[in-house]
Amino acid sequence: MKKLVICLALPLFLVGVDANARSLADLVSSAVGPNPDSIQICYLFKNDNLIKKDMCIQSSAEFTGASSTYLQLTDSKGYEITRVSGDNDSKFDIDGRSAQMYYRNASGYEVTSYEQLISYGQEPLYCFKNKVVDICYK
């Protein structure tokens, strides 16, 4: 009988560290918002063509004015997406490189607006793209 082992590497951000924390669990719970991990489907694109569709684990944390999402694919490759809120909009990066957020249609992968997806009752893919990676998840 074979066993499937999934290893999850989570980024750890310590913001506003609690000086009274007695354990790593106390430290983490005082630093991040309560967002449980979830299983998603991740999509990797290159030159607007789908090159990989895979299960992934989404780990998220929220902070004042920022959030971080880590997408861990089954081949152990992971991507950290960070959002920092500005006065009028949010700025994103993937693994420390500036990125843009956009949406795709989950059935045909066409790039579109969120408003258009909702008006037609279509499921969105939440996408982030920079010069190195173009990744979406649902």
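Separation between the residue 54 and residue 118 pseudo-spin-labels, each 7 Å from Cα along Cα→Cβ, expressed in nm?
The answer from the label model is 3.2 nm.
First check a/c for the stretch 36-85, with a ≥ b ≥ c the square roots of the eigenvalues of its C-alpha gyration tensor; if it is under 1.5, answer rounded, and if not, answer prolate when a/b is larger than b/c or oblate otherwise.
Since a/c reaches 1.5 but b/c is at least a/b, the shape of the stretch 36-85 is classed as oblate.
Please give the per residue accessible area of the stretch 38-138, computed with a probe of 1.4 Å over protein heavy atoms only, in Å².
For the stretch 38-138, the solvent-accessible area averages 58 Å² per residue.
Once you sort the root eigenvalues of the Cα gyration tensor of the stretch 58-124 as a ≥ b ≥ c, which label holds: rounded (a/c under 1.5), prolate (a/b larger than b/c) or oblate (the other case)?
oblate
Rounded, prolate or oblate, given the Cα gyration tensor of the stretch 94-138, with a/c below 1.5 counting as rounded?
prolate
For the stretch 125-132, in order, what is each residue's ³J(HN,Hα) by Karplus, 6.51 cos²θ - 1.76 cosθ + 1.60 with θ = phi - 60°, in whole Hz (x at glycine and Pro)?
9, 8, 10, 9, 9, 9, 5, 9
What is the local net charge at residue 68, summed over the other residues whose Cβ is closer than 14 Å to its Cβ (Lys, Arg +1; Asp, Glu -1)?
-3
Students often get this wrong: which residues of the stretch 110-138 have the backbone nitrogen under 18 Å from the point 7 angstrom along Cα-to-C-beta of residue 93?
Only 128-135 fall inside the zone, counting backbone N under 18 Å.
The values are calculated or read from the model by the stated rules, or taken from the named source; none is laboratory data. Only a predicted model underlies this, so the values are computations on that prediction, with no experimental measurement involved. FYI the Cβ positions are ideal-geometry reconstructions off the backbone, even for glycines, and counts take in every protein chain you see. For accessibility, only protein heavy atoms count, side chains too; no ligands or nucleic acids. Shrake-Rupley method; radii C 1.70, N 1.55, O 1.52, S 1.80 Å.
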